[in-house]
1. Given Cα positions, please report Rg to Rh for segment 239-347, the hydrodynamic radius being the Kirkwood one.
2. Along the three principal axes, how long is the chain when you take its alpha carbons, biggest first, rounded to the nearest angstrom?
3. Treating only the Cβ atoms of Lys and Arg (+1) and Asp and Glu (-1) as charged, compute the dipole magnitude of the chain about its Cα centre; round to the nearest 20 debye.
4. Mind giving me the FRET efficiency for Ser314 and His273? R0 is 51 Å, r the Cβ-Cβ distance, nearest 0.05 is fine.
5. Where does each of 379-386, 437-444, 90-97, 315-322 land if you order them by average Cβ count within 10 Å, highest first?
6. Which whole-Hz couplings ³J(HN,Hα) result when phi for each residue of segment 35-47 is put into the Karplus expression 6.51 cos²θ - 1.76 cosθ + 1.60, θ = phi - 60°, listed in order with x for Gly and Pro?
7. Given an 8 Å cut-off on Cα distances and at least 6 residues of separation, report the relative contact order of the chain as a percent.
8. In nanometres, what is the gap between the two model label sites at Tyr410 and Lys453, each 7 Å from Cα along Cα-to-Cβ?
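Every number in this text was worked out from the coordinates using simple rules, so none of it is lab data. As the structure is a prediction and not an experimental result, all values here were calculated from the model. Cβ atoms come from the backbone with ideal geometry, glycine included; neighbour counts cover every protein chain shown.
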Amino acid sequence: MAAEPPSSLSYRTTGSTCLHPLSELLGIPLDQVNFVACQLFALFAAFWFRIYLSPGKTSPDVRHAFVTVFGIYFVIFCFGWYSVHLFVLVLMCYGIMVTANVSSIHRYSFFVAMAYLTLCHVSRIYIFHYGILTTDFSGPLMIVTQKITTLAFQVHDGLGRRAEDLSAEQHRLAVKVKPSFLEYLSYLLNFMSVIAGPCNNFKDYIAFIEGRHIHTKLLEVNWKQRGFHSLPEPSPTRAVIRKLCMTLVSLLLFLTLTKSFPITCLTDDWFVHKANFLTRLCYLYIVMQASKPKYYFAWTLADAVNNAAGFGFSGVDKDGTFCWDLLSNLNIWKIETATSFKMYLENWNIQTATWLKRVCYERVPWYPTVLTFFLSALWHGVYPGYYFTFLTGILVTVAARTVRNNFRHYFRSSKALQVAYDVVTWAVTQLAVSYTVAPFVMLAVEPTISLYK
């Protein structure tokens with residue numbers, strides 16, 4: 001469902017203590033302060049990078065080197081010596097990239113990356129006992145794992161499979177030349193996405209570094225019909241400002257709503273034993289709504305950072321508006337108005353859902369839905385709550401699909417019936433998501449069982 005943004009972390013585990021007084025003043029864990037500081041600095045660095053190190057002024061190698069050095073610095077600043085795990089995984093998988101046979105490169109990369117990530121999840125939680133809400137270095141490691149496996153599969157598609165065996169999308173994204181070491185490091189560790197993502201395609205990233213990213217999208221439009229004599233030059237400034245406004249709103253909601261309705265409310269004696277069923281449902285919905293702003297904040301800010309650097313242009317819509325949502329991780333309006341479980345999932349953590357589809361759902365020969373949910377749970381970690389959520393998600397997905405296929409057509413005959421159907425399915429979807437995702441937020445077995453009771 002989601003990669004957990006940085007949360008509670010003991011001061012001794014972070015790479016920097018210079019922001020410790022600010023953390024105490026605001027009453028916010030130090031790693032969250034470090035995360036925000038890094039992302040805000042990355043925002044300014046992204047603007048500077050786009051203006052002063054643009055492709056027309058600077059060679060691709062210089063651009064690769066700049067984003068890589070800053071990305072490595074951010075990781076060390078936030079996670080200290082734990083950042084070694086990130087670098088070890090990157091170096092191991094580059095070794096696989098240059099030595100493995102192209103027919104097996106995707107399997108080796110996938111196994112090594114997922115195995116290393118899982119070992120880190122296990123050791124961080126059950127061996128070193130960092131605490132039930134600690135995320136530490138796992139966030140960046142999860143993003144890097146996505147990118148490593150994405151690139152490995154795309155190299156396999158480009159060099160190890162016949163063109164006629166590929167889908168249209170696989171053919172478009174296939175990588176036909178193995179990346180250099182600098183390109184590999186830049187793709188995995190660039191400062192725009194190393195802390196909070198999102199995952200993106202290697203070909204899109206290289207096109208961005210080399211200055212072809214926007215130009216290629218613009219060529220898909222007939223500008224003469226629109227009255228242009230030359231290609232326009234889209235600016236991301238308006239998109240960045242809009243997304244920064246959303247991050248500010250999300251931050252205010254996090255500091256108020258989230259703290260007023262903590263997830264621990266769901267295990268209170270009053271909630272479990274005294275509240276009536278309708279009250280429990282409504283309260284569950286409110287608490288789960290209150291848990292969303294931190295995701296909205298982290299993902300929207302990460303999207304804004306990439307846009308500020310000039311990355312994320314997705315083309316022109318039917319109204320002629322320049323769109324900067326290639327890397328967007330969520331569509332808040334569609335999430336909050338979703339009338340089906342499928343619609344909700346398609347607009348929540350979009351890039352992770354895309355990764356799951358490309359490396360698992362489209363490629364496994366049997367039980368694609370079950371295996372995709374299992375991979376998602378394994379990628380997130382080893383907390384029991386993740387597995388409660390994703391096992392429940394399988395059942396809800398199948399049930400929702402069955403109900404929609406068998407009953408939706410009865411409500412298409414009139415506008416009134418369609419509206420009634422949408423209202424009911426919205427309420428059911430939102431409550432079903434709240435029930436399904438609650439263990440994901442609770443993490444442990446005991447509060448999950450208490451909630452189920």
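1. Numbers: Rg = 17.4 Å, Rh = 15.9 Å.
Rounded to two decimals, Rg/Rh equals 1.09.
2. Cα spread of the chain along its principal axes, largest to smallest: 67, 61, 44 Å.
3. Details: 37 positive and 25 negative charges, 174 e Å.
My answer is approximately 840 debye.
4. On the way: r = 50 Å, r/R0 = 0.98.
So, using R0 = 51 Å, E works out to roughly 0.50.
5. Values: 379-386: 20.4, 437-444: 21.9, 90-97: 18.1, 315-322: 11.9.
Ranked from most to least packed, the peptides come out as 437-444, 379-386, 90-97, 315-322.
6. Karplus-based 3J(HN,Hα) across segment 35-47 equals 4, 5, 4, 5, 5, 5, 5, 4, 4, 5, 5, 5, 4 Hz.
7. Details: 588 pairs, mean separation 78.2, N = 453.
Averaging sequence separation for qualifying contacts and normalising by length gives 17 percent for the chain.
8. So the label points at Tyr410 and Lys453 sit 3.7 nm apart.
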